[in-house]
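Trainee: Mind having a look at this structure? Questions to follow.
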Amino acid sequence: DTGSIVGFEGLVRWNHPERGLIAPGQFIGLAEETGLIVPLCWFTLRECCGQARRWQTMFPKNPPLFISVNVSGKLFLQPDAVERLVAILEQTGLPPESLRLEVTENVVVDHGDEVMNKLSKLRALGVELSIDDFGTGYSSLSYLQRFHYDTLKIDRSFVSAMGVARDSRNIVKTILNLAVDLGIGVVAEGIETEEQAIRLRQMECPLGQGFWFARPLNHLAATDLIASPPSWYGGPLGAPGLPQ
């Protein structure tokens, strides 16, 4: 089914009354420092799960469209984190298998066994777990041994440098081979050019996302995209972004 839309990544934007849409890089750090990241994560999860379920109803697919959501490690320091997430899935009707939680490698490093235990419980329920920005952390391989993730997301820095740096191409190939050997899915992030899409397809990368497929979209524009997808070059499968 090459070239089709198989899922979306939920992205947060702050719709400021005077400054307009503000990118997450300008406020997520502050939200982490103040603790506001926790209610922000819950809000994003509720919105994303609800929207994903509506899309599944409007556009039946096999497998169903999935939604990926970046979550802070602080969310899993909450004692009722697993129960609250299960409640969101039940309220929205989204199957657990259709939700992918994205965490960076440092989440487990910084928060340890407490977070790992909660992630294990969620994975046992069917929720999929992804390592975001894989290859940029300092403990990638050791934590792959300790905890089984469902998906590795190749960091955009390697994808963007593939055309000019042999080392980056070799790193991408190595991650792809590693994922195959471990039986883990893989997504290439930050695909912005046709050349990158073609090269990744030649490497047999199964999934990709980035501006080459679509700029960040609101839910109405994303719905139109699902209904009438453009004829992309036969590159990796697309997972365009969805701002909330």
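The values are calculated or read from the model by the stated rules, or taken from the named source; none is laboratory data. Worth saying up front: this structure is predicted, and the values here are computed from it rather than measured. Positions of Cβ are generated from backbone atoms using ideal geometry, with glycine treated the same way; all protein chains shown enter the neighbour counts. Protein only, heavy atoms only, side chains kept; ligands, DNA and RNA dropped before computing areas. Shrake-Rupley method; radii C 1.70, N 1.55, O 1.52, S 1.80 Å.
Trainee: Picking from V159, V164, V172, which residue would you name as being of a type in the set (V, I, T) and exposed (fewer than 12 other Cβ atoms within 10 Å of the Cβ)?
Mentor: Criteria check complete, one pass: V164.
Trainee: For segment 185-233, how many residues meet the condition of being in contact with a helix residue (DSSP H, G or I) (Cβ under 8 Å, 6 or more places away or on another chain), of a type outside the set (D, E) and within 26 Å of S168 (Cα to Cα)?
Mentor: Summing the residues that are in contact with a helix residue (DSSP H, G or I) (Cβ under 8 Å, 6 or more places away or on another chain), of a type outside the set (D, E) and within 26 Å of S168 (Cα to Cα) in segment 185-233 gives 16.
Trainee: I would also like to ask the following. Filter segment 58-83 down to the residues that are under 20 Å from the mean Cα position of the chain (by Cα) and closer than 17 Å to H111 by Cβ and list them by number.
Mentor: N70, V71, S72, G73, K74, L75, F76, A81, V82
Trainee: Now for a separate question. Would you please name the residue that is farthest from the chain's Cα centre (by Cα), looking only at residues in segment 95-132 that are without any contact (Cβ under 8 Å) to a residue 40 or more places away in the chain and open to solvent by less than 10 Å² (accessible area, probe 1.4 Å)?
Mentor: V108
Trainee: Having 2 or more residues that are of a type in the set (G, A, S) and modelled with pLDDT of 90 or more is the bar; report the helices (runs of 4 or more DSSP H) wholly within segment 61-132 that clear it. Reasoning before the result, please.
Mentor: Values: elements: 81-92, 105-111, 113-125.
Answer list for segment 61-132: 81-92, 113-125.
Trainee: Output the qualifying pairs, or none if there are none: Cβ atoms under 9 angstrom, residues six or more apart or on different chains, first residue in segment 50-73 and free of Cβ contacts under 8 Å to residues at least 60 places away in the same chain and open to solvent by 10 Å² or more (accessible area, probe 1.4 Å), second residue part of a loop (DSSP other than H, G, I, E, B) and of a type in the set (V, I, T).
Mentor: Sorted first by the residue in segment 50-73, then by its partner, the pairs are K61/V6; P63/V6.
Trainee: Among residues belonging to segment 1-59 that are among the acidic types (D, E) and either in a strand (DSSP E or B) or out of contact with any helix residue (DSSP H, G or I) (no Cβ under 8 Å at 6 or more places or on another chain) (or both), point out the one that is nearest to D132 (Cα to Cα).
Mentor: My answer is E9.
Trainee: Among the residues of segment 14-35, what is the count of those that are touching a strand residue (DSSP E or B) at 6+ places or on another chain (Cβ under 6 Å), under 18 Å from N70 (Cβ atoms) and open to solvent by less than 100 Å² (accessible area, probe 1.4 Å)?
Mentor: 2
Per-residue answers, yes or no, for (1) under 16 Å from P229 (Cβ atoms); (2) not in a helix (DSSP H, G or I):
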site	(1), (2)
K173	no, no
N177	no, no
G210	yes, yes
P216	no, yes
